[in-house]
Amino acid sequence: MEQSQVMEGVVKILTPWVKNDEALQAVSLETNILDDLKVNSARLVDVVIAFEDEFDIEIDDEDVDTVNTVGDAVQLISSKLG
Amino acid sequence: MARDGVEVSGSARNGPGSSPEAESAPLSPAEVLERVPQQAPFRFIDEIHELDSEHIVASYRFPENSDFYRGHFPGNPITPGVILVEAMAQAGVVAQGIYLYALQYSAEEVEKVVTVFTDANVEFSGQVLPGDRVTTSGRVRFFRRKKLRADVEMRKEDGTLVCEGELSGMGVPR
């Protein structure tokens, strides 16, 4: 799967929980999920489960701690997709 | 980091690699109830009847002299929906969460965590009047990274559905 497709999927999943529409409009790999998009940290588990469902992968809890930006999520998912 | 998922069978989803590192003996329903931090007049569980890593069944009778009936509504007392949601959360999220935490952590660690309500999607279909006894049943959807989501429903003694929904909470340091 192309990185752009993964990025598109990540943004689609994050969108319902984004509270900063301006940051969403300008989203990039560097966009921070909590600080920029203002996603509630309590929603991170929901986000991870949605990633698993959307991309048919399994994400270890340890890996979740490495995800801060949209790019981190894209990289993690891409690595799982091989 | 701590691994937060626990092994449960059925449809509850706890993520890969989430088996407990040092599984503890399960708490009894009475031990869980002792650890629920909410107290009267804001405790809405009288008894926990069934409890395991997948589900909980608890009951509560709303005292006729509960203070909120004076205002909700004068001359026509009905249990407020927010109180019903709180009762659902205390059983399906807080008590269930204490049981699940205790499977993974020492008693000392369990004491350091309090479960806060994070989100809910609830539909009401009945009323609870002063003196009514309700039974709340919860089923775990997932318990992961200290977040618990459960499908919870409340019924009256005659089996009438009062409300049902999806409730979530998260363990945070006290």
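Derivation of every value follows stated rules applied to the coordinates shown; laboratory data play no part. In this text the structure is predicted, and so the values were computed from the model without any measurement. Every residue, glycine among them, receives a Cβ derived from its backbone with ideal geometry; neighbour counts consider all protein chains shown.
Listed values, structure above:
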| item | result |
| --- | --- |
| Relative contact order, percent, chain A [alpha-carbon distance under 8 Å, six or more residues apart] | 39 |
| Cubic angstrom per residue, convex hull over Cα atoms of the protein assembly as shown | 143 |
| Rg/Rg_ref, region B:29-173, where Rg_ref = 2.2 N^0.38 Å and atoms are Cα | 1.02 |
| Amide hydrogen neighbours beyond the local backbone of B:GLU47, cut-off 5 Å, H modeled | B:SER59 |
| 22 Å Cα-Cα reach of B:LYS112 towards lysines, excluding residues that sit fewer than 8 places from it in its own chain | B:LYS146, B:LYS147 |
| Exposed-site-free run, longest, chain A (rule: trypsin sites (Lys or Arg not before Pro); DSSP loop; at most 16 other C-beta within 10 Å) | A:39-82 |
| Helix axis angle, A:70-81 relative to chain A longest principal axis, alpha carbon, degrees | 10 |
| Dipole magnitude of chain B about its Cα centre (Cβ charges: Lys, Arg +1; Asp, Glu -1), debye to nearest 20 | 480 |
| Per-residue ³J(HN,Hα) for region B:33-38, Karplus 6.51 cos²θ - 1.76 cosθ + 1.60, θ = phi - 60°, Hz, x for Gly and Pro | 4, 4, 8, 5, x, 5 |
| Karplus 3J(HN,Hα) series, Hz, for region B:87-97 with 6.51 cos²θ - 1.76 cosθ + 1.60 (x for Gly, Pro) | 4, 4, 5, 4, 7, x, 10, 5, 5, 4, x |
| Exercise: per-residue mean of other protein chain Cβ atoms within 10 Å, A:40-47 | 5 |
